[in-house]
Structures are given as C-alpha cells and as structure tokens.
1. Within the range A:66-92, how many residues turn out to be over 15 Å from the mean Cα position of the chain (by Cα), at the interface with chain B (Cβ under 7 Å from one of its Cβ atoms) and surrounded by 17 or more Cβ atoms within 10 Å (Cβ to Cβ)?
2. Pull up the range B:276-299, narrow it to residues that are part of a strand (DSSP E or B) and either out of contact with any strand residue (DSSP E or B) (no Cβ under 8 Å at 6 or more places or on another chain) or over 30 Å from residue B:349 (Cα atoms) (or both), then point me to the one that is nearest to the other protein chains (Cβ to nearest Cβ).
3. Any idea which of B:474, B:417 is free of Cβ contacts under 8 Å to residues at least 24 places away in the same chain, farther than 22 Å from residue B:364 by Cα and surrounded by fewer than 21 Cβ atoms within 10 Å (Cβ to Cβ)?
4. List the residue pairs whose Cβ atoms are under 6 Å apart, where the first residue sits in the range B:309-323 and is in contact (Cβ under 8 Å) with a residue 12 or more places away in the chain, the second is outside any loop (DSSP other than H, G, I, E, B) and surrounded by fewer than 16 Cβ atoms within 10 Å (Cβ to Cβ), and the two are 6 or more positions apart or on different chains.
5. How about the range B:154-273: which helices (runs of 4 or more DSSP H) wholly inside it have at least 1 residues that are in contact with a helix residue (DSSP H, G or I) (Cβ under 9 Å, 6 or more places away or on another chain) and farther than 30 Å from residue B:286 by Cα?
6. Would a scan of the range B:390-397 turn up a residue that is free of Cβ contacts under 8 Å to residues at least 40 places away in the same chain, in contact with a helix residue (DSSP H, G or I) (Cβ under 7 Å, 6 or more places away or on another chain) and crowded, with 16+ Cβ neighbours inside 10 Å?
7. Considering only residues that are within 11 Å of another protein chain (Cβ to nearest Cβ), closer than 17 Å to residue B:342 by Cα and surrounded by fewer than 20 Cβ atoms within 10 Å (Cβ to Cβ), which ones fall in the range A:7-43?
8. Select, from B:29, B:67, the only residue that is modelled with pLDDT of 95 or more and in contact with a strand residue (DSSP E or B) (Cβ under 7 Å, 6 or more places away or on another chain).
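The values are calculated or read from the model by the stated rules, or taken from the named source; none is laboratory data. Here the structure is a predicted model, which means the values were calculated and not measured. Cβ atoms come from the backbone with ideal geometry, glycine included; neighbour counts cover every protein chain shown.
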C-alpha cells in the first residue's frame, strides 16, 4: 500500500468524522456551533473520500472495516476531547 | 423512538446483571487483547538473543540444509526456511522435534559459524506474549483450557446479550443524547454518558468481538453439528489436490528461487517463511506471509500450498483469492484479529480495545453510583455492602490485571538463565500480583486501594523499560534488541504518567468528592460494622 495514500485516507477520515462531531448538537469543542450544515456536508464528503481511497488500496471488506474502525474511534474520543475543552473554557 | 417503560426496565435489569457478572472478565479480555495486537513485536522484544552466528544469505540455504540433514536427519521431516530472520526466529533454518503430545515440540535453529562449521541451537522463544494472549483468550481464568474456554464462551454470550439490551435501553434517548458527555454535579449521569460514549458508537466493533468469541469458544460443537447436517462425509479440512509426483530428475527448487517465484506470482505478499514437510518420500511445502491489503484468519500471517518442485503457488487459501464462503469465514476471523491494514490498523484496534476495557469498568462504576446512599440532614450514611464489595472487586481485578501484566513483562529480561521454567514463572508472577491486588483492594477499601494500586501500576510499568535499559548496559544478563522493541518500552513508559495522573485524580476524589460514596474514605470504608450502622455524623 502506498504510505501517502494511507496517510491521506486516514487524515480525511479523521477530519470528516471530527467535522460531523462539530456539527452534532451535543458537541462541546466549540462554545457555539457554527454552520452545522456546512460542517456536516464537508464532513460527509471527507468521509466518503476516505472510504474511496481505502477501497482503492485494500479489499472491499477490509476497506469498509478500516473506515468504520477509524470513524468509531474518532467518535468515541470526540466527546471526551470536547468535554475537556469545555471544562478549560469554563475555568478561563 | 418510544419504548414502554416496563420493557425498558426488563432490559435494564438484564443489562445490569449480565454486565456485572461478565464485566470484569471482559475487562481482562480487552486489556490483554489490546496488548496482544502487538504479539509479534512483544515476542521479539522478549526473546533472549541467540548464540547462533548471523544467518547466511538465503542463497546459501541449500548448503545449510544439507549440513543440517547430515547431522540431524530427523529435521528433514518438518523444517522451515525463514526469509527474514529476527530475534524470535533467529535462524535461516528451523526445525521441530515432536514432544510427548501432538502440540508439544522443541524448535532448533541452525547457522554456519565463522569457520564454516554447523551451529545448532535449541531456540528459546519468549513465552510472555503467549501468556498475555492466553489471558485474553481465557478471560484471565487460571483454569485448564477446556474449562476456561467454555466459561469464556458463556461470558461472550452474556456480552452479546449486554450489547443488545444496552442498545434497547438507550434507544428512546439515542438521538437526543448522541455524543453527549455531561460532566457536572450529577455523577451518575456523567458515568452514564461516559459508558454510552464508549459503547454506543463502537457497537459494531463490540458485536463483532462478541459473536466471534462465541464461535471461538464453541467451535468444536459447531463443527460437530456441521458434520452431521452439512457434510455427511466429514468436514473438508484443508483438502487440496495432491501435487503430481516429481519426476526422477526433478528436485526441490532452492529457497531463493522459490522466493523469486512467489514474489512474481503474488505481488504485495510479503513472504515470511517456507514450511516443508516430507510425506511418503515426497516433499510438500507451504508459504507463509502477509498482504496487508487483505486480512487473514491467522492472527499474524496467512499461508498456502506451494509446489516446491516448480514454485507454483496454490492461491485458493489466500485472502483476496478465496471463494465466497471461505472469504466470509476469513472475514469473520480477520475482523476479530485486526489482521488487515498493517500496524496502523493494529494501533486502532489497540485503542479500541483499551476503550472497550474502560466500557466494562465504567459499567461497574455506574452500578455503584446508582446504589449510592446519599447524605441527608448532615449525616453520612454507610454505603451498601454490595456497592463496597463491587467497588473493591472492580479496583482489585482491573488494576490487578494491569499490574500483573506489567510485572510479568518487567520480569521478562531477568528470568532467562535464572529459572528453569520461564513460562511457569511468568504465569506465577501474573497471578501472584493479580491476587495480591484483589486482596489489597479489599483490605484498604476501593478508594485507597485504587490510589495505591494505580501507583503500583505506574511503578510496574516503569520497570518494563528499565529492564531494557539494563540490557543496554548489559547488567545481570539482561539484553536489548536494538530497534526491535522500542515501541514496547515506549508504550510502557507512556503508561507511567497516565497511571500517576489517575492516582492523583483518585486522591482528589477522596479529598474533595462526595463523602457519601465508596470512593470517599469518610463514607466508603469497607468496615464490616458499617452495614449495621445507620449513619455517622459528618465530622
């Protein structure tokens, strides 16, 4: 597998999942949600790009599984990072 | 989505009880399983250096084989040619000699000394990585495999039930609370959100783990049923067309020619080794390796048949080239092992595994918090005995597993040469620390026990890289393989401040948190008399 392609697919997957988190009503990373529809649109496009890149490099099952694990991981960690940042905002 | 409250209550009860019964065993399975994602690097890090001379180039494999067969004719029955020798497989040629049972064997490796003479060494692959894997497979139970595996299967079934019932419980508020994590005065809601954050999004991952574990535990009865229902003439175990007998002038190709042939036929497939078996005068061969674009049903490698006389690969056993049914079975295994996507995927599985361990830990915290007797009229009530016991068990078992694994890893570089049975010592060390941690948690109470055991976990983790550092300086027979095990030491070192930080938070919780809690030394002591006392005045 081309390492740059792996890097870009991971990067677009993380960025896409993160933007979708920022678009969600329960996000805490930002004090105020800004243009959630744009975030959701760009996030979805990046996630699809990530999946397409993975499909071009790996078997179909492996690509979908890799993509899902990446998204699951970002969305598992995102609420914790958001809560941590909200806590710091409250302190400052 | 609306679900009747009485239905939710039934599923909540089911979720709570299967979670309480299986949660701590699942914590061990996930924590050990996360480490097992790097079983091979761990094995490499833990294996003592070989006394053999550096392996000869692959082009000289035939000469080495001839020398081995001349002095050890039994080696010709079953031997291995390693393409890229490493610390855990340090010889170009390795062979196995059978032991008392089918699964027992001794491995030998061979090389040429500087003067060209044959060197043979009994190989001593480190057993510690296998111990961690066994803890993972048998959910930490110290019972014989046949017993522990059945219990593991039951635990996996309860895990699946907990996942489904948990999903039903959160369905009514799923959309509203999705990705929520409310940290505030309501501790119960906070732990609920943490538990949901760890469990809801990763539900597909957990479903795969639960279902595959059930199959791993009960595969023998499943095969028996298949044999009765689907395959009346017996399961077709690894059947393949027998290779045509070699002609009188045909000889096995040398290893370097086989390697070139396989690389030409399987682009992207990294060859690890060739395995040869002599069967009724005919040589049979298989090739092992990995193509990270495709997952394998083996934990670390795939293998398939190879004609050693022509170099032709039979690819039907290789992921990406299987028929649809075999591909489906292969996918089932690979999703559990994370044997696709290379190290990047292994790191993701490691973090998902640790998050899974936290899911079970927070489930217990939530149970304890839900049963907290709250302070009224300035009086701190004694906490329920059940909450105290589960608090001590949760702290003792979880941190006992963490400390036990770190301690047995820390001993890795000091045991060889000092004890006869290294594997037994590793096992003994793990269970000794585990049992001591559980006893300590009960003796000191959940709060103090958590603080002290977390600090011990930090110390045990620090000892892991210190063992390698001792190896750099050659102290006490320790060793360090340059480069190979850096990640193991780095991860253990990174865990030290994490455990210390958690210990600091635990102390802060003890000092500043609710006094009416098992996590407070004021209200949560495991005092046997506490249950009888109605309340104590706040001092």
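1. Matching residues across the range A:66-92 total 1.
2. B:285
3. So the residue among B:474, B:417 that is free of Cβ contacts under 8 Å to residues at least 24 places away in the same chain, farther than 22 Å from residue B:364 by Cα and surrounded by fewer than 21 Cβ atoms within 10 Å (Cβ to Cβ) is B:474.
4. Pairs found: B:313/B:265.
5. Counting at least 1 such residues, we get B:174-177, B:187-199, B:203-217.
6. No, the range B:390-397 has no match at all.
7. Listed by number, the residues that qualify are A:7, A:10.
8. Sole residue among the options that is modelled with pLDDT of 95 or more and in contact with a strand residue (DSSP E or B) (Cβ under 7 Å, 6 or more places away or on another chain): B:67.
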